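In what follows, a single structure is set out as structure tokens and then discussed.
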Amino acid sequence: MFAQEWFISPLLLTLKVAFATLLLHSTLGVFLAVVISGQKRFYKTAIDIFISLPIVFPPIAVGFFLLLLLGKQGLIGSALAAYNIEIIFSTGGVILAAFIAGLPLVVKPIESALSEQEKLYAEAAYCMGKSRFETLIFALLPNIPKAICAALFLGLGRSFGEIGITLMLGGNIIGETDTLGLAIYNGAMTGETDKAIVLSAALGVFSLLIFIVLKRLSYGKDQ
């Protein structure tokens, strides 16, 4: 059963998307957290609102607006099409959906941790002649490794369960853009309950592993 295409294909795609999403969150996600941390400015608030949309806005609606924006007739999609770059209904679209869905869970905790560290150490570092970049690299980020790891795993967990945005950007193409979440949805809609159960169990294993990691990080923080 586990060697069949209906199981292997969405599993491999989910792992591929999870790996790519983790890389994006650990780079761009952390960068955005740094950008919006500290004293608030208008541009920081605007970025913060954009990042937070997947939390307060229905995922399917977020996916729809992204579809309009990134489609061949969209503002960004038409520009990319000129270079033969297509995001919609591709693996890239699925990765983008997972990245956006998990982004708030990565950025917000790291931003909060950085803001707290700035209150404690930033002024002292500036008084010692350190630049903002030096303060960030050598004083702030090294003090919040658990917060960063926890945020990254939260984002990863969200990416595993993402369906709404993925459905709009990936298109749910069987064998190409159907992740474990979408494969479960397909199995339930077509009456293939046995397949949906197996796929749900696989997704549950990933969720359980993430839960265990988060609990260990939380436990370590309290020590």
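Of all the numbered requirements in (1) in contact with a helix residue (DSSP H, G or I) (Cβ under 7 Å, 6 or more places away or on another chain); (2) of a type outside the set (Gly, Ala, Ser); (3) surrounded by fewer than 21 Cβ atoms within 10 Å (Cβ to Cβ), ARG41 misses one, and that requirement is (1). Identify, by number, the condition in (1) within 20 Å of LYS44 (Cα to Cα); (2) crowded, with 19+ Cβ neighbours inside 10 Å; (3) at pLDDT below 90 that GLU116 doesn't meet. Unmet for GLU116, out of (1) within 20 Å of LYS44 (Cα to Cα); (2) crowded, with 19+ Cβ neighbours inside 10 Å; (3) at pLDDT below 90: (2). Just one of LEU15, LEU80, LEU68, LEU11 is in contact (Cβ under 8 Å) with a residue 40 or more places away in the chain and out of contact with any strand residue (DSSP E or B) (no Cβ under 8 Å at 6 or more places or on another chain); which is it? Matching residue, one of LEU15, LEU80, LEU68, LEU11: LEU11. Entry remark, region 164-203: residues being outside any loop (DSSP other than H, G, I, E, B), surrounded by 13 or more Cβ atoms within 10 Å (Cβ to Cβ), of a type in the set (Gly, Ala, Ser) and out of contact with any Pro (no Cβ under 7 Å at 6 or more places or on another chain) number 7 in total.
Anything in region 77-92 that is aliphatic (A, V, I, L, M) and surrounded by 14 or more Cβ atoms within 10 Å (Cβ to Cβ)? List them, or say none. The answer is LEU80, ALA81, ILE87, ILE88. Does region 12-55 hold any residues that are assigned to a helix (DSSP H, G or I), modelled with pLDDT under 90 and charged (D, E, K, R), and which are they? Within region 12-55, just LYS44 meets the criteria. Within region 47-59, residues that are over 18 Å from VAL94 (Cα atoms) and polar (S, T, N, Q) sit with their Cβ atoms under 8 Å from residues that are at pLDDT 90 or above and assigned to a helix (DSSP H, G or I), at 6+ positions apart or across chains, in these pairs: SER52/PRO104; SER52/LYS108.
Among the residues making up region 16-30, those that are surrounded by 12 or more Cβ atoms within 10 Å (Cβ to Cβ) and farther than 19 Å from ILE165 by Cβ are SER26, VAL30. Within region 1-54, being hydroxyl-bearing (Ser, Thr, Tyr) and closer than 30 Å to ALA139 by Cα holds for THR21, SER26, THR27, SER37, TYR43, THR45, SER52.
Residues are listed down the side, and each one gets a yes or a no for (1) more than 16 Å from the chain's Cα centre (by Cα); (2) among the aliphatic types (A, V, I, L, M):
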| residue | (1), (2) |
| --- | --- |
| PRO54 | no, no |
| PHE65 | yes, no |
| LEU68 | yes, yes |
| ALA81 | yes, yes |
| ILE85 | yes, yes |
| SER112 | yes, no |
| GLN117 | yes, no |
| LEU140 | yes, yes |
| GLY155 | no, no |
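The values are calculated or read from the model by the stated rules, or taken from the named source; none is laboratory data. Everything numeric in this text was worked out from a predicted model, so none of it was measured. Every residue, glycine among them, receives a Cβ derived from its backbone with ideal geometry; neighbour counts consider all protein chains shown.
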